[in-house]
1. Tell me which of 150, 177, 96 sits at the most positive position along the dipole axis of the chain, charges placed on C-beta atoms (Lys, Arg +1; Asp, Glu -1).
2. Return the long-range amide H neighbours of residue 67 (sequence gap of 5 or more, or a different chain), with a cut-off of under 5 Å between placed amide H atoms.
3. Out of 23, 87, 35, whose Cα points farthest toward the positive end of the dipole of the chain (charges: +1 Lys, Arg; -1 Asp, Glu; placed on Cβ)?
4. Given Cα pairs under 8 Å that are at least 6 residues apart, what percent is the relative contact order of the chain?
5. Mean projection of the alpha-carbon convex hull of the chain over all orientations, in nm²?
6. Would you mind checking which residues have amide H under 5 Å from residue 105's amide H? H placed 1.01 Å from N; only 5 or more apart, or other chain.
7. Of 51, 107, 89, which has the largest mean-square fluctuation in a 10 Å C-alpha GNM of the chain?
8. Provide the net charge surrounding residue 164, with neighbours chosen by a C-beta distance below 10 Å and charges set as Lys +1, Arg +1, Asp -1, Glu -1.
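What follows draws every value from the coordinates through simple rules; no lab data is involved. Note that the structure is predicted; figures quoted are calculated from it, not measured. All Cβ positions, glycine included, derive from the backbone under ideal geometry; neighbour counts span all protein chains shown.
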Amino acid sequence: MTQPPGFFVGTEMPTAGWWEALWPDPASVLKSVGAKPGMTAIDLCCGDGWFTLPLAKIVREVTAIDIDPQMLDVARHRLAESQVANVRFIVADAYQLPNVVPVPADFVFMANACHGVPDPVRLASAVRLSIGRGGEFAIVNWHQRPREETTILGEPRGPSSDLRVSPEQTIASVMAGGLQLRRQIEVPPYHYAAIFERTE
């Protein structure tokens, strides 16, 4: 099947229910990777907004970006039910981030999409231009394990085994885009997070 222009490979949203089974406390994931009160943040490739809502409750302002308008509609609905008002939604290609968010953010968060990025160096370069000096880019990604080993609710979940990238591969790509690694942590049960900083 041909991938629609601008869509990353293998980044379709899962069926309802297993995000919650995988991460019942998304706020704790966000805090562990550096989301703090007072920040302006970008939820990049936000999908259905599973992390957007808790991010909005932590930081001062969130820009939620996805290329799929249907996913953004789901995210809007999720946030509308919670009466969160500090989020704006933008339909856009992730590579165009500096053009759609001209004011540098403090924090960019991207979960479960980096494995499908055709040009991760280009993406990292775009993120670098979209955060101020000292700003951070947090990537949460599936470990490079066979898909049959990453089960949720009794079934294999996540991207196909061949799409998964190691922490070392992710770090090398993002650093090639001009950001510096600050730290790497585990995000149980099947993910790692790499947190980068713009130093100049």
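1. It is 177.
2. Hits under the 5 Å cutoff: 92.
3. 35
4. On the way: 387 pairs, mean separation 39.6, N = 200.
Relative contact order of the chain: 20 percent.
5. Details: hull surface 41.0 nm².
With the hull built on Cα positions only, its mean projection is 10.3 nm².
6. So residue 105 has HN proximity to 131, 132.
7. 89
8. Working: positive: 145, 147; negative: 162.
Around residue 164, the charge tally is +1.
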